[in-house]
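The values are calculated or read from the model by the stated rules, or taken from the named source; none is laboratory data. This is a predicted model, so every value here is computed, not measured. Glycine gets a Cβ as well: all are built from the backbone with ideal geometry, and neighbour counts include every protein chain shown. Quick note on the areas: whole protein, heavy atoms, side chains included, nothing else; ligands and nucleic acids left out. Shrake-Rupley method; radii C 1.70, N 1.55, O 1.52, S 1.80 Å.
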Amino acid sequence: MPDCQFRKTHLDGHKLHPSTQMMSYGYDPFMSEGAVKPPVFLTSTFAFRNAEEGAEFFDVVAGRKPAPEGQGAGGLVYSRFNHPNLEIVEDRLALLDGAEAALVTSSGMSAISMVFLAMLRPGDVLLHFTPLYGGTETLIRKILPGFGIKSAAFSDGLSEEAMAAALKEAAAQGPVKMVYLETPANPTNAMIDFAAVKRIVDAHELAHGSRPVSVCDNTMLGPVYQQPIRHGIDLCVYSLTKYVGGHSDLVAGGITGSKELLKQVRLTRGAFGSQLDPHSSWMIARSMETLVLRMDKATASGRKVADWLASNPHIPAKVLHPEFDPDPAAQAVHERQCTGAGSTFSFVIDADRATTFKLLNALQLFKLAVSLGGTESLVCHPASTTHSGVPPEVRAETGVTEGLVRISIGLEHPDDLIADLDHAFRVAAG
Ligand SMILES: Cc1ncc(COP(=O)(O)O)c(C=O)c1O
């Protein structure tokens, strides 16, 4: 989409807030009959004014030429490569994340897969935090080895020495091309120190002459409460299915970073055809208008629910919420790199699967479902669902036990959610 007044970031020197920009950024009504809201551009292909224009647009989309100044990602060609609804979401996501550019994909897993496929080759090594979202663990541990890509894991994201040692050990297997993070980690809310990651990557580059790309899954807090790129991380990946989509009615993914790093990822996305369709893109652009509002409200309710859980009168529960972490190092990292706690967190009861299931089955308002970040509150048992693909020893080591329950707080009144939990805890205790 060409540059226009709807790409404004300042007003007479006053910096606009992202919550304001989400109403209009990246969309010019006068390119669509003055329609205040973007239409859904249900078209598979775009007409060129003449053959020369077609040739020029293709040079850009195929990565042979940069987009002309003021032309965003270049002219519109074919909806597998770009389309207006996709570009509106990409512009807004990049803006929120403080990134040069963004790509939107058909799911969070396709975003992660596109980054791996674009940047890793047989023989390369990927160093990653563990546990990650279960689907990502499966991709790394079960699918990537078939492509000759090796991996190594670390589980302490607060100790620079431990991360440096893990990187050194990984380098013994072959060239380390990527350091992959997820923070706060799902479902333990473990923090990873971005500044320390940047330092170990810098040191590796000095020693080996090549720099692993750092990538962070920013689904849990981003892009509102955490922007890893501002802290020196190269790329962010997202499940936009979660807070950004925000209504549990679509599946989508996103990638943000520098134009240069995204060039190869863009080509890979176009080649594999894993872009997002116009209708889902339109729904995300609409959801972005209320993103800050939704996250702020859910976060405030989440804190109230976490308070109740920590002091509930029925079953002692350890609350894995960024603001309840007793470790001062984790608190310091959270304060340094996040501006909010979000509304997805876990609690752990000292119970077997049967007791935990009794509690889950007694809930009436919380819906028992995987996923997070929607308007409705969800509850899930990671050990038997989202993280069942994580090796049992990793689950045990990182605390993803049978008594761990993850909740995602939505927009219901927090007192009603507490009443639901109070009843379910009573049932489980009895
Ligand atoms: C942290 C995180 N990353 C990635 C994904 C995968 O996203 P999607 O389901 O949109 O493919 C999920 C899904 O639950 C997730 O929680």
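Return the residues of the stretch 137-163 that are under 17 Å from ALA195 (Cα atoms) and assigned to a loop (DSSP other than H, G, I, E, B); say none if nothing qualifies.
Correct list: SER155, ASP156, GLY157, LEU158, SER159.
For ASP156, which of the numbered conditions (1) touching a residue at least 12 places away in the same chain (Cβ under 8 Å); (2) within 24 Å of PRO392 (Cα to Cα); (3) not small (Gly, Ala, Ser) fails to hold?
(1)
Look at the stretch 7-23 and say how many of its residues are closer than 15 Å to GLU90 by Cβ and either surrounded by fewer than 18 Cβ atoms within 10 Å (Cβ to Cβ) or modelled with pLDDT of 90 or more (or both).
Going through the stretch 7-23 one residue at a time, the tally reaches 2.
Hey, does the stretch 312-321 have a residue that's part of a helix (DSSP H, G or I) and in contact (Cβ under 8 Å) with a residue 24 or more places away in the chain?
No, every residue in the stretch 312-321 fails to be part of a helix (DSSP H, G or I) and in contact (Cβ under 8 Å) with a residue 24 or more places away in the chain.
Residue check, GLY108 against (1) open to solvent by 30 Å² or more (accessible area, probe 1.4 Å); (2) touching a Lys or Arg at 6+ places or on another chain (Cβ under 8 Å); (3) within 16 Å of the ligand (Cβ to nearest atom), all met but one. Which one?
(1)
For the stretch 220-228, indicate whether the set of residues that are open to solvent by 10 Å² or more (accessible area, probe 1.4 Å), out of contact with any Cys (no Cβ under 8 Å at 6 or more places or on another chain) and in a helix (DSSP H, G or I) is non-empty.
No, every residue in the stretch 220-228 fails to be open to solvent by 10 Å² or more (accessible area, probe 1.4 Å), out of contact with any Cys (no Cβ under 8 Å at 6 or more places or on another chain) and in a helix (DSSP H, G or I).
Only one of (1) more than 12 Å from the ligand (Cβ to nearest atom); (2) touching a residue at least 60 places away in the same chain (Cβ under 8 Å) fails for VAL244. Which number is that?
(1)
Test of understanding: among GLY135, GLY74, which residue is open to solvent by less than 30 Å² (accessible area, probe 1.4 Å), more than 14 Å from the chain's Cα centre (by Cα) and at pLDDT below 95?
GLY74 is the lone residue from the list that is open to solvent by less than 30 Å² (accessible area, probe 1.4 Å), more than 14 Å from the chain's Cα centre (by Cα) and at pLDDT below 95.
Being over 18 Å from ILE112 (Cα atoms), at pLDDT 95 or above and part of a loop (DSSP other than H, G, I, E, B) is true for just one of HIS247, HIS279. Which residue is that?
Every option except HIS247 fails the conditions.
Restricting to the stretch 250-264, count the residues that are within 16 Å of the ligand (Cβ to nearest atom) and either open to solvent by 10 Å² or more (accessible area, probe 1.4 Å) or part of a helix (DSSP H, G or I) (or both).
Looking only at that region, the number is 2.
So is VAL370 open to solvent by less than 40 Å² (accessible area, probe 1.4 Å) and within 15 Å of the ligand (Cβ to nearest atom) or not?
It is false that VAL370 is open to solvent by less than 40 Å² (accessible area, probe 1.4 Å) and within 15 Å of the ligand (Cβ to nearest atom).
For the stretch 192-215, check the following and say yes or no: at least one residue is within 15 Å of ALA111 (Cβ to Cβ), touching a residue at least 24 places away in the same chain (Cβ under 8 Å) and within 16 Å of the ligand (Cβ to nearest atom).
Yes, the stretch 192-215 contains a residue that is within 15 Å of ALA111 (Cβ to Cβ), touching a residue at least 24 places away in the same chain (Cβ under 8 Å) and within 16 Å of the ligand (Cβ to nearest atom).
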